[in-house]
Amino acid sequence: MKVEDITSAQNPKIKALLELQEKSEVRKRKGLFVVEGRRELLHCMEAGYEPYAVFFSPEILPEEEFKEISAKCSCSFYEVPRQLYDKVAYRGGTEGVIAELRCREMGLGNLILKENPLVVVLESVEKPGNLGAVLRSA
């Protein structure tokens, strides 16, 4: 496994990461999404999502936790200093790791339901406030 050092916010990989975080059309076009946090990344990998790239700050992420992540995936790894990590992190307390993961096709055929499941189907919900009213009246 090779780890590339990135020290500048002007690096194309950092710019691409920020673009993925900010623009849904870029996520759709590239078939990638961003997850932040060691636990969240591990949950995604357990659910079958494949990491495309992992950005981490060794000043935040302990070495043994990095080894745990790197042992479970074969992707590109980028080491960034804490100051740069703080600029790309979109929430606090994320354990020093941000990853780009490949999207998966999810359709009704992919659902695995228990016997007699409760399924709610929503269509054309226009405002978040309307959802509560719809669920209360059901």
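Which percent of the accessible area of the stretch 1-109 is formed by carbon and sulfur heavy atoms (probe 1.4 angstrom)?
Here carbon and sulfur together make up 48 percent of the probe-accessible area.
Calculate for the chain the 222 nm mean residue ellipticity that helices alone would give, adding -39,500 (n - 2.57) per DSSP H run of length 4 or more and normalising by residue count, nearest 500 deg cm²/dmol. Spell out each step's value before the answer.
On the way: 6 runs with 54 residues, N = 138.
My calculation for the chain gives -11000 deg cm²/dmol from helical runs alone.
Given the convex hull of the Cα atoms of the chain, what is a quarter of its surface area in nm²?
Projected area, direction-averaged: 11.3 nm².
Where only protein heavy atoms count, and the probe is 1.4 Å, what is the accessible area per residue for the chain in Å²?
Per-residue value: 69 Å².
As an exercise, identify the GluC sites (Glu not before Pro) in the stretch 1-73 lying in DSSP coil whose Cβ has no more than 14 other Cβ atoms within 10 Å.
Loop-located and lightly packed - GLU59.
Quick check: with the 1.4 Å probe, what order do SER74, SER8 take by accessible area, largest first?
The ranking, largest first, comes out as SER74, SER8.
Hey, which of these cross-link pairs are over 28 Å Cα-Cα: LYS13/LYS67; LYS67/LYS114; LYS28/LYS87; LYS30/LYS87; LYS23/LYS67?
Details: LYS13/LYS67 22 Å; LYS67/LYS114 36 Å; LYS28/LYS87 23 Å; LYS30/LYS87 22 Å; LYS23/LYS67 31 Å.
Flagged as over cut-off: LYS67/LYS114; LYS23/LYS67.
Which value, in debye to the nearest 20, describes the size of the charge dipole of the chain about its Cα centre when Lys and Arg Cβ atoms bear +1, Asp and Glu Cβ atoms bear -1, and nothing else is charged?
The calculated dipole for the chain is roughly 440 debye.
The values are calculated or read from the model by the stated rules, or taken from the named source; none is laboratory data. All values reported here derive from a predicted model rather than from experimental measurement. Positions of Cβ are backbone-derived with ideal geometry, glycine not excepted, and every protein chain shown enters the neighbour counts. The protein model used for the area step is the full one, side chains on, heavy atoms only, and it has no ligands, DNA or RNA in it. Shrake-Rupley method; radii C 1.70, N 1.55, O 1.52, S 1.80 Å.
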